[in-house]
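Everything on this sheet refers to the single structure shown next.
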Amino acid sequence: MTSSVTLAAPAAISSDHSVAHPVLAEVVRSGFVEGGHRGSLVVLAADGSVEQTLGDPAAPVFPRSCNKPMQAAALLRAGLDLSGERLALAAASHSGEGFHLDLVRTMLAEHGLTPDDLQTPPDLPLDPVEAESYLAAGRGRDRVAMNCSGKHAAMLAACAVNGWDRASYLDPAHPLQQLVLQVVEEAAGEPVASVGTDGCGAPLMAVSLVGLARAFRSFVLAEPGTAERRVGDAMRAHPEYVAGTRRPDTWLMREVPGTLSKMGAEAVQAVALADGRALAFKIDDGATRALGPVLARSLRLLGIDAPVVSRIGHAPLLGGGGEVGAIRAAF
């Protein structure tokens, strides 16, 4: 299967830094505001209209791993037969827990592949608890432990199914990556502004936060049986494979039925609710410590006030081993 879409040469992404984005999260220690994290945010109403904005959500950003649902949908369009936990793992930034790593190896073996075929950089598990256990067991960095290995295993499987070259599967000109670009543009409803390289080595397509929220909305509202809906359903049915047992995306998808949630590196987050309400935001400085408080406040703007929201929003600051403050939303 091939696509007629051609990737344009990467274009520089620029923004006007003379106008600062608003502070989305404050760092409060002992009652004193010692810092803040600026960013941009968009909230979409159920009908897809823009309901609220902060900063400049129309400017392009690299969504990082928030693009993974679109990448997974492209794999299905390429003819790869994935479902259930396997499809969720294809859209994952997994924590590196044992069940993640076991399934990555299984997915590779099912298509005559081995971990040596992966082009993910060798890494430790993303979850700090898992990383400590991994090192304590005498293991070192490897390609399967890297949090994007499920996506890469699925990409290699799609190449095997189609007879595409596996060695160049991360080349932006590869037919699989051409198809990914097409899916990203269709889901976001806008052209990709720039193409870069993600931390895992895969091509990374830039869209606006508005486009990102629109894409997530499309995955929950798509017709049953479509590639987009299949990805959204698999992620929501198996959220522990999308993230991990100690991760906010898992908690949210487990405890607010019908919710699709995915974080990305450099503090990007996208969420869509079953009725089409959606949000996306980016913390300018990439501080992931601000993700939880900003996500919790954003969910409340969407009318979600389940207990899990407070759990996600709790981001304490420690002093002398005790809690002396917190990161808190500032909007």
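Quick look at the values:
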read-out	value
Partnerless cysteines, meaning none of the other Cys C-beta atoms lie under 4.7 Å away, in the chain	CYS66, CYS159
Heavy atoms of ASP81: accessible area, 1.4 Å probe, square angstrom to 10	130
Amide H contacts of SER194 (H built 1.01 Å from N, under 5 Å, at least 5 apart or other chain)	ALA206
Rg(Cα) / (2.2 N^0.38 Å) computed for the chain, rounded to two decimals	0.96
Rounded to 10°, Cα long-axis angle of helix 227-237 versus longest principal axis of the chain	60
List ASP47, ASP127, ordered by accessible area with a 1.4 Å probe, largest first	ASP47, ASP127
Among 31-38, 177-184, 93-100, the order from most to least packed when residues are scored by Cβ within 10 Å on average	177-184, 93-100, 31-38
Accessible area (Å², 1.4 Å probe, nearest 10) - TYR134	10
Accessible heavy-atom area order of LEU124, LEU212, highest first, probe of 1.4 Å	LEU124, LEU212
Accessible area (Å², 1.4 Å probe, nearest 10) - MET146	10
Principal-axis tilt of helix 68-77 within the chain, Cα atoms, nearest 10 degrees	20
Hypothetical label at PHE32: residues of region 312-331 whose amide nitrogen lies under 12 Å (7 Å Cα-Cβ projection)	none
Solvent exposure ordering (accessible area, 1.4 Å, most first) of SER133, SER149	SER133, SER149
Set of lysines with alpha-carbon distance to LYS282 below 19 Å, sequence-local pairs under 8 removed	LYS68, LYS262
Selected from THR250, THR288, THR259 as most flexible by GNM, with the chain as the system and alpha-carbon contacts under 10 Å	THR288
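The values are calculated or read from the model by the stated rules, or taken from the named source; none is laboratory data. Please read these numbers as outputs of a predicted model, since none were measured by experiment. A quick note on method: Cβ atoms are made from the backbone with ideal geometry, for glycine too, and the neighbour counts reach across all protein chains shown. Only protein heavy atoms, including side chains, enter the accessible area calculation; ligands, DNA and RNA are left aside. Shrake-Rupley method; radii C 1.70, N 1.55, O 1.52, S 1.80 Å.
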